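To start, the structure under review is shown below, and the notes come after it.
The values are calculated or read from the model by the stated rules, or taken from the named source; none is laboratory data. Computed from a prediction, not measured in an experiment: that's the story for all the values here. Ideal geometry is used to build each Cβ from the backbone, glycine not excepted, and the neighbour counts take in all protein chains shown.
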Amino acid sequence: MTSWWQWNPAEGASRGGFAVIGVGRFGLAVCSELVKAGADVLAIDASQRAIDALRQIDPGIEARVLDCTDEDALRAAGVLDMATVVIAMSEPIEASVTATLIVKDSPGTKVKQVIARATSDLHMRMLQRVGADRVVFPSKMQGERLGLELVRPNLLERLRLDDRNSIEEIRVPEAFIGQSLREINLRKTYKVSVLAAGPDNQLIVNPPASHVLAAGELLVVMGASDALAMLPGH
């Protein structure tokens, strides 16, 4: 993972970095998945204890203790230079709403996507009103799932077989469109096996090598998690 101790905030948007505001159980799960994927992560929390717990995952992660409702502090930390910001804290409600508004609407913000955590329908509507692009409800599992979605946008479903291997359903990566399975040779090139391929609800199980992948189709692949993560578009 790139060391964030040498990070330059002005480069955040060009690298498509992630900021996570609030590193409780949910935020910690998001950060963990992002770090595993080698993504650039900037973590923010008002609690030194929460930041210390995060650094047990990756001692080199850039993490700041500051008030998420302070626009100047968020700007100075580089949060507004990130492409995606996850508002992972939910309480107090006014703090999560204010943080969402700041990162979305502050002058010069480069944030393209804000994903915010809510604890009620009312909280969700408030977050949407101030610009949240997506609102999620909290659990550790959802935090892990969100982290995976952020670093692997083609991933639709994932079934862990064990600590090392998974079966994943993904959208056909752009690099594969118009090519046959024989030409791509996923087993040799990426060390993963193709279990099924085809349009939604019309998957062909064990497709022939002559099958040509089209835009929007699905691929169901199996292999080691680190091999699956190397597929294009992840």
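I'd like the full set of residues that are touching a Phe, Trp or Tyr at 6+ places or on another chain (Cβ under 8 Å) and part of a loop (DSSP other than H, G, I, E, B), limited to region 212-234. Listed by number, the residues that qualify are 213, 230, 231, 232. Quick one: would you say residue 88 is without any contact (Cβ under 8 Å) to a residue 40 or more places away in the chain and among the small types (Gly, Ala, Ser)? It is false that residue 88 is without any contact (Cβ under 8 Å) to a residue 40 or more places away in the chain and among the small types (Gly, Ala, Ser). Among the numbered conditions (1) at pLDDT 85 or above; (2) not assigned by TED's automatic domain parsing to the domain that holds residue 174, the only one that residue 233 does not meet is (1). Where residues in region 192-211 are touching a helix residue (DSSP H, G or I) at 6+ places or on another chain (Cβ under 8 Å) and either among the aliphatic types (A, V, I, L, M) or in a loop (DSSP other than H, G, I, E, B) (or both), which of them is farthest from residue 180 (Cα to Cα)? Within region 192-211, the match that is farthest from residue 180 (Cα to Cα) is 192. Given the structure, is residue 47 in the same structural domain as residue 127 (by TED's automatic domain parsing), touching a residue at least 40 places away in the same chain (Cβ under 8 Å) and either small (Gly, Ala, Ser) or in contact with a helix residue (DSSP H, G or I) (Cβ under 7 Å, 6 or more places away or on another chain) (or both)? Taking the combined requirement at face value, the residue does not satisfy it. When 58, 72 are checked against the criterion of being surrounded by fewer than 22 Cβ atoms within 10 Å (Cβ to Cβ) and under 15 Å from residue 23 (Cβ atoms), a single residue qualifies: 58.
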